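For reference, the structure is listed below as structure tokens.
No lab work stands behind these numbers, since they all come straight from the coordinates. This is a predicted model, so every value here is computed, not measured. Glycine gets a Cβ as well: all are built from the backbone with ideal geometry, and neighbour counts include every protein chain shown.
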Protein chains: 2
Amino acid sequence: MRKFIPFVLVLTFLPLLIHAQHEDRKIQIRAFYDQTLSNRQSYQWLEDLCSLGPRLSGSEGSLRAIEWMKGVMDTCGFDRVYLQPVKVPHWERGIPEKAEILDSRGLRYDLNVLAIGGSVATPEGGILASVVEVPSLMALEDLEREEVEGKIVFFNSIFDQTNISPGASYGAVVASRAEGAIRAARKGAVASIIRSVSSGFDDVPHTGSGHYEASTDSIPAAALGVQSADLLHQILLRDPLAKVYLSMHCRWHPDTESFNVIAEITGNERPDQIIVMGGHLDSWDVGVGAHDDGAGCMHTLGALKLLLDQGVRPKHTVRAVMFMNEENGLRGGITYAEQAISNGEEHIVAIESDAGGYSPRGFGVSGNASQMEKLESWVGLFPRNTISYISRGGGGADIGPLNRADGTPMIGLIVDGQKMFDLHHSANDVFEAVHPRELELGTASIATLVYLIDQYGL
Amino acid sequence: MRKFIPFVLVLTFLPLLIHAQHEDRKIQIRAFYDQTLSNRQSYQWLEDLCSLGPRLSGSEGSLRAIEWMKGVMDTCGFDRVYLQPVKVPHWERGIPEKAEILDSRGLRYDLNVLAIGGSVATPEGGILASVVEVPSLMALEDLEREEVEGKIVFFNSIFDQTNISPGASYGAVVASRAEGAIRAARKGAVASIIRSVSSGFDDVPHTGSGHYEASTDSIPAAALGVQSADLLHQILLRDPLAKVYLSMHCRWHPDTESFNVIAEITGNERPDQIIVMGGHLDSWDVGVGAHDDGAGCMHTLGALKLLLDQGVRPKHTVRAVMFMNEENGLRGGITYAEQAISNGEEHIVAIESDAGGYSPRGFGVSGNASQMEKLESWVGLFPRNTISYISRGGGGADIGPLNRADGTPMIGLIVDGQKMFDLHHSANDVFEAVHPRELELGTASIATLVYLIDQYGL
């Protein structure tokens, strides 16, 4: 009987205890949102970061950002703040590009253009050549070499507006940016130009990284604004002999020393087990990378600060990593994974925000069925109109190497990104395009996710 | 045995039939989204509507909008297009308001100000009076009459940023706009000014409707930009004798003839049963009411057109109503309900969009448990990142009178409205603040809801 009573008590009160614990969690979660929406810390940091200018790997701006970021972290009171050296590529656009159409009558039309990241320069004096337009990489393969040789290939791939997720449309056409110069050069083209990978209808060109292969000539690669692409298309329709003039002054420098910037709170039960989250600190060299990925940096740095401010003492070590070089090399993510492996670190989960600073909608997860199930059981703990679902697949470019190296499950924040590809990699990705409430809801949602994983495991 | 075989067949194939039907529905729903995202009809219409200027009830602009709207509907090929006469109030702002602070040293500071809709003018020459600041209506009640008499009451109610839904914060402070002049006049004040009901931090004032009561003097009522309110607050802190000068030239005209604009597709099985949806065509007289509620008009007109374009022949009559006078009288919604009752019309459901043209997130429902359950069972049919949930409570101001008159269940579109109260009722509610993809997702979501209710009943 002596043993029976406690057992009965446990049976009676356990549901109450669980319920009370659940309510405590809800109160804590609510406090995350209250604080971010009130003090707008992520938004204020983002404003400061954006004021430093663009942050392409190897640039002065990237070094200013690293210094600024470490300084901010140092003032936050985290247990550990450090730089992780990363050797990064260093490419420079040089003086502004120039492109124009010269039609058969000798008329000239200016085109808005940006070199694709990593492109070689045009020869001194530029390139003037006739143009062969194709709607896709595939369509180029159907052309004979003599139809392409000595010409500029114009990949006019239209952004599919019908995907609910514009990211899917981006993925469907971005190959022309990444691979266009290779494919065009294989057929003897002298340059490759693309219609910007953009969901917008303006004439602001979008850059992004492009590749070359060792076995083929590296030819200049550039992206036209959408309206410029339409203009070129129209002129070629009535005047197939129209030529394009292209002048670019890009330069490659030797690889240079850079850094991931890292802050952590040491776990008070299992300090050896790590929850890592991050965004990438580098940006393209046009605009200031406010959404891509200043927002993701502030989401994750903000989430770490929020845990501290709220007096949450995590069981596991929680680490925020501002990765360097996501845009044109991924060296930060690769180095992080290599170091984690060589240091024998154990990661519970890796979380990334790199979809923009818009209202959160869900999490995309690359994990096993039981992890998915656990995450799904928490959806109701997030306030309405923040995280509404867990979907299969997702993560982030920077945490991909860790996931591939040791199978760490990865989670990516999904936001309401209908506008993201209007400004992505363009001069329009500026601080003013970020809304404070939308940004801060992302910060609190990531803090909530980290908090729940820390409390309940994954 | 003869009867047994068909029964077995039914048992075998019924799940397959249901599955096939379900797949057909999904294909149809996907086609709604494909079409809106491709042709952007709602967005194009919204641009045209916004080009006509603001549309306050009784104004020239409102009549232009009615004529334009009927013209658009006439070209769409609906079964019936008509105007429903509505007598509306007619208030005019007159020449721009002016407000300034005069401090004890004789210095002047301009304030950004708008008359609250329905306000009387100031006396010729304006009002100059000292100011008593209160944080809320409640706080005013604590003051003695002699502390208020002859002064201007300044309701400086701060917008609570911590609600995930800014609409909740709006609801919490809007009473100072609606009732401030009444409460202030009861204590003998000469005017009432409020901090604009705004989630923003700029200095663009927000108007909206205010009330008077017959038993109390009607005193001028105005709203300051948020920065102007902060300035006034700061100056009063150090100089409680500072005065405010206010000059407004508003006028009331006699009630005037206006119209709800209505289009419908006649049901081919139960034409007597009506699914009604709508937004309000009137707007405030600053900005052009792009989100409030041009977006809702285009969501619902666009949804009706989408059914037609997609060859969906609804079983029930589907009606889109562009209500007049939601902003300052609700006469359109009241007239619609009165006519529905007197004509003995049977409504299955009333749907409203009046939360802005942002990405859809859910539906708020005022209905019974079985209706809620049915709606919830359809959530999975909406594409991810559109409608994610059904919540209890909701509908819309314009459909409220019908709901109250005959119990018609009502449903309101919930959008990702984090930015809505930055621009609501202000000069910033312009076409450029609406994103085409976000708007069109709302149109397709409403078409989907109507389609499902028409197919399966509610």
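For the pair B:Glu23 and B:Glu67, a Förster radius of 35 Å applied to the C-beta separation gives a FRET efficiency near 0.20, rounded to the nearest 0.05. Percent antiparallel among DSSP beta bridges with both residues in the protein assembly as shown, to the nearest 5? Restricted to the protein assembly as shown, the bridges split so that about 55 percent are antiparallel.
Distances between equivalent label points of B:Lys26 across the copies, with each point positioned 7 Å along Cα→Cβ, amount to 3.3 nm, shortest listed first. Here the 3J(HN,Hα) profile of the stretch B:308-325, calculated from phi with Karplus coefficients 6.51, -1.76 and 1.60 at θ = phi - 60°, is 5, 4, 8, x, 6, 9, x, 5, 9, 6, 10, 10, 10, 10, 9, 6, 9, 6 Hz, Gly and Pro shown as x. When only alpha carbons of the protein assembly as shown are considered, Rg and Dmax amount to 30.5, 105 Å.
Across the stretch A:94-249, Cα pairs under 8 Å and at least six residues apart give a relative contact order of 38 percent.
Near A:Val113, the amide H atoms lying under 5 Å from its own belong to A:Gly225; only residues 5 or more places off or on other chains count, and H is placed 1.01 Å from N.
Once the C-beta distance of A:Arg108 and A:Arg238 is scaled by a Förster radius of 22 Å, the resulting FRET efficiency is 0.85 to the nearest 0.05. Sparse packing (at most 15 other Cβ atoms within 10 Å of the Cβ) combined with a DSSP loop state is found for the following GluC sites (Glu not before Pro) in the stretch B:191-293: B:Glu213, B:Glu269.
Shortest first, A:Gly380 label-point distances to identical copies amount to 1.7 nm, with the label point at 7 Å from Cα along Cα→Cβ. Maximal additional length on extending the A:Gln339-A:Ser51 stretch stands at 100.5 nm, based on 0.36 nm per residue less the C-alpha distance.
Of the beta bridges in the stretch B:94-249, as assigned by DSSP with both residues counted there, near 55 percent are antiparallel.
Once backbone amide H atoms are built at 1.01 Å from N, B:Glu352 has B:Gly278, B:Ile411, B:Gly412, B:Leu413 as its partners under 5 Å, excluding neighbours fewer than 5 places away on the same chain. Shape call for the stretch A:266-347 from the C-alpha gyration tensor, a ≥ b ≥ c root eigenvalues: rounded (a/c under 1.5), prolate (a/b greater than b/c) or oblate? Note, shape of the stretch A:266-347 comes out oblate.
For chain A, excluding the exposed loop sites themselves (trypsin sites (Lys or Arg not before Pro), DSSP loop, at most 12 other Cβ atoms within 10 Å), the longest remaining stretch covers A:106-458.
Can you bin the stretch A:324-458 into rounded, prolate or oblate? Criterion: square roots of the alpha carbon gyration tensor eigenvalues sorted a ≥ b ≥ c, rounded for a/c under 1.5, prolate for a/b above b/c, oblate for the rest. Oblate shape, in that a/c is at least 1.5 and b/c is the bigger or equal ratio. Chain A residue nearest the rotation axis toward B, with distance: A:Ser388, 2 (Cβ to axis, whole Å). With the cut-off at under 16 Å, measuring from each backbone N in the stretch A:422-436 to a point 7 Å along the Cα-to-Cβ line of A:Ser38 picks out no residue.
Rounded is the label for the stretch B:94-249. Its Cα gyration tensor axes, ordered a ≥ b ≥ c, give a/c under 1.5.
Computed from label points 7 Å out along Cα-Cβ, the spacing between A:Ala172 and B:Arg392 is 4.2 nm. Taking the Cα centre of the protein assembly as shown as reference, the dipole from Cβ charges on Lys and Arg (+1) and Asp and Glu (-1) amounts to some 1920 debye. Note on B:Ala405 and A:Glu376: the model spin-label points, each 7 Å out from Cα along the C-beta direction, lie 4.5 nm apart. If the viscosity is 0.692 mPa s and the temperature 37 °C, what Stokes-Einstein diffusion coefficient in µm²/s follows for chain B when Rh is the Kirkwood radius over Cα pairs? It diffuses with D of about 140 µm²/s by this estimate. For B:Asn260, the residues whose modelled amide H falls within less than 5 Å of its own, excluding neighbours fewer than 5 places apart on the same chain, are B:Gln84, B:Val86, B:Met324. The charge dipole of the stretch A:94-249, taken about its Cα centre with unit charges on the Cβ atoms of Lys, Arg (+1), Asp and Glu (-1) only, comes to about 120 debye.
Counting only residues at least eight positions apart within a chain, or on another chain, the lysines with an alpha carbon under 19 Å from that of A:Lys151 are A:Lys98, A:Lys187, A:Lys243. A:Glu60 label point (Cα plus 7 Å toward Cβ) to equivalent points in the other copies: 5.5 nm, shortest first. In whole angstrom, note down how far apart the Cα centers of the stretch B:343-402 and the stretch B:163-191 are. Cα centres, the stretch B:343-402 to the stretch B:163-191: 28 Å. Label separation (A:Asp272 vs A:Arg313): 2.1 nm, computed from points 7 Å beyond Cα along the C-beta direction.
Among the GluC sites (Glu not before Pro) in the stretch A:142-208, those placed in a DSSP loop whose Cβ has at most 15 other Cβ atoms within 10 Å are A:Glu144, A:Glu149.
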